[in-house]
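The values are calculated or read from the model by the stated rules, or taken from the named source; none is laboratory data. This structure is a prediction, so every number in the text was calculated from the model and none was measured. Using ideal geometry, Cβ is built from the backbone for each residue, glycine included, and neighbour counts are taken over all protein chains shown. Side chains are part of the model used for accessible areas, which takes the heavy atoms of the whole protein and leaves out ligands, DNA and RNA. Shrake-Rupley method; radii C 1.70, N 1.55, O 1.52, S 1.80 Å.
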Amino acid sequence: MMKTGTKRTIAGAAGAALMIVYPLAMFSCGRTQHFELSRFLGPDMCGGCHAAVADQWKNSMHNLSHFDPVYTAVAKHLRKGLTDPDEIAEAESCVKCHTPVGFVTGNPTKVSDDLDRVPDIAKQGIQCDYCHSATGARKMYNNDIRLDPGHGMDNAGTKRGPFTDSHSEFHKSAYSKFHTESGICGTCHDVRHVVYGTKLETTYEEWLGSPYNSSDSNKRIPCQGCHMYQRPGVPATGSTPRPQNPGEAAGGGPQRAHIYTHYFVGANAYVPNKFGDAVKARMAEERLKNAAALTIIDAELSKGIVKVEVKNIGAGHKLPTGLTDVRQMWLEVVVTDAAGRELFSSGKLGRDGTIPAGAVVYNTVFGDGKGKAVANLAKAREVLKDYRIPPLGSVVETYTVPNLKAKTVTVIVALKYRSAPQELLDAVFGAGKIVLPVTTMAEAKKQIAL
Ligand code: HEC
Ligand code: HEC
Ligand code: HEC
Ligand code: HEC
Ligand code: HEC
């Protein structure tokens, strides 16, 4: 049974039908679908036959999207103290993507619901039966996936995927072009403010405008071409081989040339590790270490000028991408003399874990509509800064070393990444309570005689 509009019927605790009317703002991005909870089957069920896929997906950022402690704490932090209804509508909207099965079945409907008291299946985050019940998307942002789930154990419905000849006793199978293209990822990986329309995350849009979105099928790489080819030891980025992964999609199923992997690793080394999955943390580092290249340009060093070129060689979108008002990618530059004495530095983390002023940071900054930066995305009416590196593009940074008199100097450059600034973690969790790993994505060193 599917309902649309702002009224929904949900079975109450006593079994009685309960009519709930939601404020219009919650649906300001269009009509929403509603399904009975029993229409979704849990990942353990799927894993009974798709064991390898289920193992890979376990503790992925998709599996953890509801419980992710950084997400839940940040969501509560951003919601606090808001009074403007438009800002509240945005701050409450997170569950649509982070707890999608819960959202389309009625619990939770918003961030301020008790997120611990949602059905067990909803706690499993972005899961098998959500993605594999998808038939398309209404629009390409804010998770507007169209769903056609089954009717429980006895009639599991149609699972859609990449095969044209797939058979299972348990469920019907169907080929779905949508599943083989970036769009299935893009509808969640482009995020807009629900009222102001401000573009908060643009990973899909960045890919659309990239050389990877090529009409030449030999050059075309959708999201799946990198992220669903990765496995331990095979980072599968734009700068590394992306070999096929032959095997079976289900126990006893036919041998296939490629089984799409389901680790869904991006750049986050902290969260999977927190849930005991060191493998995914290492895979995130492998991905980051094959994303960028650095070149030191010393032609004008005698005048005290050193340039650094940073190239995005591996990511199918800007570097970094996603939640880039929070993510931090920055350059650390150190110049020393022959005796190792530091003549200049930029971007070395302070004792308190913060990036010092003047460092080159690749990120986005939102504004209040009048040119003033805002830290809370609920208040984001404009993008004030978007300084990142386009796919296969590069930028050149210029540094000036004052009073350079040494005869021999060494220039050491590193590109660093972490998932969130220390300032934000300190504000949300308390000073120094959480310190995220910093990954060195690329390094370059040059000794120059002047
Ligand atoms: C975020 C969405 C998403 C989630 C979550 C997800 N899948 Fe998939 N899955 C896909 C896509 C997309 C493909 C096909 C990729 C392609 O063809 O480019 C796929 C492919 C498959 C296939 C075909 C064999 C293969 O791997 O190539 C099976 C079987 C499958 N998934 C089962 C599962 C199971 C079981 C789970 C849960 C443990 C799961 N999927 C979770 C998106 C998802
Ligand atoms: C349209 C879908 C969508 C909505 C709505 C959404 N997010 Fe997300 N969120 C994402 C995606 C996609 C990522 C992963 C991007 C990345 O890794 O940079 C993400 C990642 C995050 C992370 C990073 C988690 C970590 O461990 O580093 C935080 C924090 C977060 N979201 C907070 C929120 C909050 C707060 C809201 C509501 C105000 C929200 N999100 C609404 C899609 C969404
Ligand atoms: C009783 C075993 C069994 C269970 C349980 C099961 N599947 Fe399957 N599934 C199979 C088999 C067998 C295939 C065929 C594999 C092939 O063709 O290589 C398959 C194929 C698929 C495909 C590929 C469809 C295509 O046409 O590309 C997807 C997607 C899929 N299953 C998803 C799921 C999801 C999601 C669940 C849980 C809701 C699930 N399966 C539960 C046995 C099962
Ligand atoms: C050519 C390979 C390639 C393609 C295609 C690609 N990615 Fe990535 N992706 C990477 C690499 C490398 C990284 C790690 C560096 C980074 O963070 O950008 C990454 C990181 C990410 C992250 C984590 C970003 C962060 O810092 O939080 C997300 C989310 C992501 N990709 C989603 C997508 C989506 C969605 C698509 C399709 C629209 C896509 N990717 C296409 C290679 C690719
Ligand atoms: C239902 C919405 C949804 C869909 C569909 C979806 N994602 Fe995600 N994805 C998210 C959210 C939300 C997160 C962040 C979860 C968290 O905070 O822990 C995320 C996280 C990720 C990450 C990890 C980012 C990091 O920082 O490490 C990658 C990689 C990723 N998604 C790739 C994909 C790809 C590839 C597809 C398509 C096959 C896809 N996603 C489809 C919502 C979605």
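For segment 199-247, trypsin sites (Lys or Arg not before Pro) are listed when DSSP marks them as loop and at most 15 other Cβ atoms sit within 10 Å of their Cβ; the list is Lys219, Arg220. Secondary-structure-derived ellipticity at 222 nm for the chain, considering helices only, amounts to -5000 deg cm²/dmol, per-run term -39500 (n - 2.57) for DSSP H runs with n ≥ 4. The simple spin-label model puts a point 7 Å past each Cα toward its Cβ; for Ser302 and Arg138 those points are separated by 6.7 nm. In this rough spin-label picture, where each label sits 7 Å from Cα along the Cβ direction, the Arg242-Asp113 distance is 3.6 nm.
Rolling a 1.4 Å probe across the protein heavy atoms gives the chain an accessible surface of 47 Å² per residue. Highest mean packing first, where packing is the average number of other Cβ atoms within 10 Å per residue, the peptides 295-304, 405-414 line up as 405-414, 295-304. For Lys372 and Val438, the difference between the fully extended length at 0.36 nm per residue and the C-alpha to C-alpha distance is 20.9 nm. For Lys199, a cut-off of 26 angstrom between C-alpha atoms picks up these lysines, skipping any fewer than 8 places away in its own chain: Lys76, Lys80, Lys96, Lys110, Lys139, Lys311, Lys318, Lys370, Lys372, Lys379, Lys385, Lys416. If the segment from Gln447 to Ser345 were pulled out straight at 0.36 nm per residue, it would be longer than the present Cα-Cα gap by 35.1 nm. Straight-distance candidates among the lysines for linking to Lys172, with alpha-carbon spacing under 21 Å and chain neighbours fewer than 8 residues away dropped: Lys159. For the pair segment 251-296 / segment 183-223, the C-alpha centres are spaced 20 Å from each other. Placing R0 at 56 angstrom, the Cβ-Cβ distance between Thr158 and Lys80 gives a FRET efficiency of 0.85 after rounding to 0.05. Here is the list for segment 313-367: trypsin sites (Lys or Arg not before Pro) lying in DSSP coil, each with at most 10 other C-beta atoms within 10 angstrom of its C-beta, are Arg341, Arg351. Taking the 1.4 Å solvent-accessible surface of the chain as the whole, the part contributed by carbon and sulfur is 53%. Candidate cross-link partners of Lys433 among the aspartates and glutamates, defined by an alpha-carbon separation under 15 Å and a same-chain spacing of 8 or more, comprise Asp352, Glu423. With a simple spin-label model that places each label point 7 Å from the Cα along the Cα-to-Cβ direction, the separation between Leu392 and Ala278 comes to 3.9 nm. Taking every alpha-carbon pair under 8 Å whose residues sit at least 6 apart, the chain reaches a relative contact order of 12 percent.
The Cβ shell under 11 Å around Val271 holds other residues with a net charge of 0, Lys and Arg each +1, Asp and Glu each -1.
Shown here for segment 43-100: trypsin sites (Lys or Arg not before Pro) in loop regions (DSSP other than H, G, I, E, B) with at most 14 other Cβ atoms within 10 Å, namely Lys80.
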